[in-house]
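Enquirer: The structure's right below; bear with me while I get my questions together.
The values are calculated or read from the model by the stated rules, or taken from the named source; none is laboratory data. Here the structure is a predicted model, which is why all the values come from computation and not from measurement. Backbone-built Cβ (ideal geometry, glycine too); neighbour counts: all protein chains shown. Keep in mind that these areas ignore ligands, DNA and RNA; they rest on the heavy atoms of the full protein, side chains included. Shrake-Rupley method; radii C 1.70, N 1.55, O 1.52, S 1.80 Å.
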Amino acid sequence: MLVRGVVERLVEQDFAFWSGFDGAAPEPGFDGAAPERGNDGAAPEPGFDGAVPEPGCDAVLARIAAYVRWSVTDGRVRSVARLNLFAAAAVEPELREPLRRGRAEVERMGASIGAAIGLGEVASALVMDVCDALISRQLAMPDDAFDPQPALTSLLSALLPTDGNDSNTVNEEWRRS
């Protein structure tokens with residue numbers, strides 16, 4: 001099915017963006033390219049193996065903001081295609097299951113990255129949903145001064161634990177920034 005292939009390609013690009021995340025910002029010129037397909041035509045396994053290094057809050061925030069920026073600039077065509085798939089699924093129920101499966105894969109990856117800084121699965125999914133909203137709004141109503149970082153900083157500050165009992169909790173200085 002064509003839609004399954006499109007959804008798989010979008011998921012591969014998400015994995016390509018996040019795989020090997022070690023707290024560094026994406027390489028300049030990242031184009032969202034997924035790994036090459038093998039001779040059998042099957043999609044390769046995503047490079048993300050579930051093992052997430054322990055980047056700090058600043059590194060995770062920078063990477064999330066970079067992903068949102070990339071999604072509305074160099075990844076714009078991919079993002080528009082993704083939004084069109086979502087809109088089509090609203091009226092074509094057979095499209096929903098491939099989208100759900102793809103989203104579940106990406107949410108598992110997001111939960112692993114979120115866990116590295118103290119976010120639970122629900123909070124990690126919420127961060128992903130906010131990123132989707134920021135991307136959608138910027139694509140539909142571009143703002144030349146768009147910077148997702150302040151909104152994402154506020155969101156992570158509200159979601160991260162502050163009890164001091166977890167080595168991944170955000171410190172108060174970061175929370176106030």
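Enquirer: Can you find a residue in the range 73-85 that is more than 22 Å from Arg9 (Cβ to Cβ) and of a type in the set (Gly, Ala, Ser)?
Expert: Scanning the range 73-85, I find no residue that is more than 22 Å from Arg9 (Cβ to Cβ) and of a type in the set (Gly, Ala, Ser), so the answer is no.
Enquirer: Which one of these is touching a helix residue (DSSP H, G or I) at 6+ places or on another chain (Cβ under 8 Å), of a type outside the set (D, E, K, R), assigned to a helix (DSSP H, G or I) and open to solvent by 40 Å² or more (accessible area, probe 1.4 Å): Leu83, Leu99?
Expert: That would be Leu83, the only listed residue that is touching a helix residue (DSSP H, G or I) at 6+ places or on another chain (Cβ under 8 Å), of a type outside the set (D, E, K, R), assigned to a helix (DSSP H, G or I) and open to solvent by 40 Å² or more (accessible area, probe 1.4 Å).
Enquirer: Now for a different question. I'd like to verify a number: residues in the range 111-124 that are part of a helix (DSSP H, G or I) and surrounded by 17 or more Cβ atoms within 10 Å (Cβ to Cβ), how many?
Expert: The qualifying residues number 6.
Enquirer: Another question, then. When the range 70-79 is examined, which residues are found to be touching a residue at least 24 places away in the same chain (Cβ under 8 Å), more than 16 Å from Ala16 (Cβ to Cβ) and open to solvent by 20 Å² or more (accessible area, probe 1.4 Å)?
Expert: Answer for the range 70-79, where residues must be touching a residue at least 24 places away in the same chain (Cβ under 8 Å), more than 16 Å from Ala16 (Cβ to Cβ) and open to solvent by 20 Å² or more (accessible area, probe 1.4 Å): just Arg76.
Enquirer: What is the number of the single condition among (1) in a helix (DSSP H, G or I); (2) under 27 Å from Met141 (Cβ atoms); (3) at pLDDT 85 or above that Val106 does not meet?
Expert: (3)
Enquirer: Separate question: How many residues are buried (at least 19 other Cβ atoms within 10 Å of the Cβ), over 21 Å from Val7 (Cβ atoms) and under 15 Å from the mean Cα position of the chain (by Cα) when one looks only at the range 135-152?
Expert: The total comes to 2.
Enquirer: Determine, yes or no, whether Asp163 is in a loop (DSSP other than H, G, I, E, B), open to solvent by 60 Å² or more (accessible area, probe 1.4 Å) and modelled with pLDDT under 90. Walk me through it before giving the result.
Expert: Numbers: in a loop (DSSP other than H, G, I, E, B): yes; open to solvent by 60 Å² or more (accessible area, probe 1.4 Å): yes; modelled with pLDDT under 90: yes.
Criteria met by Asp163.
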